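Novice: Let me begin by handing over the structure; questions about it come next.
Just so it is clear, none of the values below were taken in a lab; they were calculated from the coordinates. All figures in this text were calculated on a predicted structure; none of them were measured in a lab. Every residue, glycine as well, gets a Cβ built from its backbone with ideal geometry; the counts of neighbours run over all protein chains shown.
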């Protein structure tokens, strides 16, 4: 039951993030933003979709006896950090890469300390969510796939932000 509630929460959170991203994307385009990295974006969507599917499949196959309350609490701490990122970027936060020419980069909140704090969060989420329920295969496979995807993504975002 804990798994179903937790995964439902994660899925609803992801849907909320996509809705916020879509709304922010409309605002960004209306304010002169250009989009970059469109070629790899469908692969990011696929990665995150298959990640969620893999969680359910591995859980159904393995049927772990319990979950780690410590890791679950740590995940919620990570979500607080994610909220700080989203609030710091405001209308500029997005799951896609947008850039409005001649607008300075945000340097407040976690962006004062890290260049890409949102990707640090994604790395932690991809690892921690399956580990809460001892889903080691999903944790390892998707951490590797996510690392490859972030290599492409961060390179593309850095190029876009230099313009």
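Novice: Starting from the Cα gyration tensor of the stretch 1-57, take the square roots of the eigenvalues, sort them a ≥ b ≥ c, and report rounded, prolate or oblate (rounded when a/c is under 1.5, otherwise prolate if a/b is larger than b/c, else oblate).
Specialist: Here the stretch 1-57 falls in the oblate category.
Novice: Using the alpha-carbon atoms, what tilt in degrees (0 to 90, nearest 10) does helix 69-89 show relative to the longest principal axis of the chain?
Specialist: Taking the Cα atoms of the chain, the angle to 69-89 is about 10 degrees.
Novice: Same structure, new question: Using 1/(1 + (r/R0)^6) with R0 = 25 angstrom and r between the beta carbons of residue 70 and residue 23, what's the FRET efficiency to the nearest 0.05? Each step should come with its number before you reach the end.
Specialist: Working: r = 35 Å, r/R0 = 1.39.
That pair, residue 70 with residue 23, gives E of 0.10.
Novice: Here is a follow-up. Can you report the principal axis dimensions of the chain using only the alpha carbons, biggest first, rounded to whole angstrom?
Specialist: That works out to 54, 29, 26 Å along the principal axes.
Novice: What is the fewest-to-most order of 53, 152 by other Cβ atoms lying within 10 Å of their Cβ?
Specialist: Taking fewest neighbouring Cβ atoms as first place, the list is 53, 152.
Novice: Rounded to the nearest 0.05, what FRET efficiency do residue 13 and residue 61 give with R0 = 30 Å and r taken as the Cβ-Cβ distance? Could you check?
Specialist: 0.80
Novice: Starting from 0.36 nm per residue, how many nanometres of slack lie between residue 87 and residue 1 once their C-alpha separation is accounted for? Show your work: numbers first, answer last.
Specialist: Values: separation 86, 0.36 × 86 = 30.96 nm, distance 3.19 nm.
Using 0.36 nm per residue and subtracting the Cα-Cα distance, I get 27.8 nm.
Novice: For the chain, take the longest principal axis of its alpha carbons; what is the angle in degrees between that and the long axis of helix 41-62, to the nearest 10 within 0 to 90?
Specialist: The angle comes out at about 10 degrees.
Novice: Let me have the 222 nm mean residue ellipticity of the chain computed from DSSP H runs of 4+ only, each contributing -39500 (n - 2.57), with the sum over all residues rounded to the nearest 500.
Specialist: Rounded to the nearest 500, it is -25000 deg cm²/dmol.
Novice: Given a 10 angstrom Cα cut-off, can you work out which residue in 66, 25, 109 is the most mobile in a GNM of the chain?
Specialist: Looking only at 66, 25, 109, the largest GNM fluctuation is found for 66.
Novice: What's the ranking of 80-87, 94-101, 11-18 by average number of surrounding C-beta atoms within 10 Å, highest first?
Specialist: Result, highest mean Cβ count within 10 Å first: 94-101, 80-87, 11-18.
Novice: Helix 2-30 versus the longest principal axis of the chain: what angle, 0 to 90°, nearest 10, using Cα atoms?
Specialist: 10 degrees
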